[in-house]
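Single-structure report; data block below.
The values are calculated or read from the model by the stated rules, or taken from the named source; none is laboratory data. None of the values given here were measured: they were computed from a predicted structure. Glycine also receives a Cβ, built like all others from the backbone with ideal geometry; neighbour counts cover every protein chain displayed.
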Amino acid sequence: MVVSESSARRYALDPDVRLMLEVRDDSAAAFEELVARYQDRLVTVLRHQVGSREQAEDLAQEVFLRVYRARKSYVPGSKFATWLFTIANHAAANSLRDRSRRHETTLCSRDSGPMGARPLDQMLLASSGQMPARRLDKAEMREIVRMSLESLGERQRMAVLLSKFEGMSYAEIAQVMDVSPQALKSLLSRARENLREVLQPYFEYGASPVLEGHGDEQ
């Protein structure tokens, strides 16, 4: 990738980029600091993408291994988080394709657990545009969010996770997913509509979300 000198200087202001530049110079301490900063965040996103915490932890290790192996050719052409989650997106997509080829079930293997630092109701309501008729406890909300995310296709789910968990901009998510910003807006719009459709029976009647699944049509 060709990166202009001005772009490299701009992104070098990112403290995580500075750490990665130290990793490029073989600083083990800088690499350990990046792992400490991003390990939990990576596992959270990957777990909801692949459905298993154990697999997510394995994939996170793979992602960091790829980062370390690529250190000598690293050029700061984007924020470090954008570059890291681009690698993570590719790793998750490859894992899901491999699992699909083996005809393994995905929905039954999805585990539940902490959703990350963002409040669950904030993430759910921001995504679906709906308001529950009553206050939900954390365990119930966690399960509803998990089930609603399962209803999305792979690309829609990743876009929502990066938007709501990582707080990435449209431009950053588009770069991670290798689509245009306009295509990304369309993808997120369809994801929000699918979430509204899945969650409406729950919010109106208290019925559990129906997990029919939604494709990632372009």
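Modelled with pLDDT of 95 or more, in a helix (DSSP H, G or I), among the aliphatic types (A, V, I, L, M) and surrounded by fewer than 17 Cβ atoms within 10 Å (Cβ to Cβ): is that true of L34 in this structure?
no
Determine which single condition G153 fails, assuming it passes every other condition in (1) under 17 Å from A191 (Cβ atoms); (2) crowded, with 20+ Cβ neighbours inside 10 Å; (3) at pLDDT 65 or above.
Answer for G153: the failing condition is (2).
State whether one or more residues within the range 204-215 are within 25 Å of G167 (Cα to Cα), modelled with pLDDT under 75, small (G, A, S) and out of contact with any strand residue (DSSP E or B) (no Cβ under 9 Å at 6 or more places or on another chain).
Checked the range 204-215: at least one residue is within 25 Å of G167 (Cα to Cα), modelled with pLDDT under 75, small (G, A, S) and out of contact with any strand residue (DSSP E or B) (no Cβ under 9 Å at 6 or more places or on another chain).
Within the group V145, V176, which residue is more than 13 Å from the chain's Cα centre (by Cα), of a type outside the set (G, A, S) and either surrounded by fewer than 20 Cβ atoms within 10 Å (Cβ to Cβ) or closer than 16 Å to L46 by Cα (or both)?
On the way: V176 fails: more than 13 Å from the chain's Cα centre (by Cα).
Only one candidate qualifies: V145.
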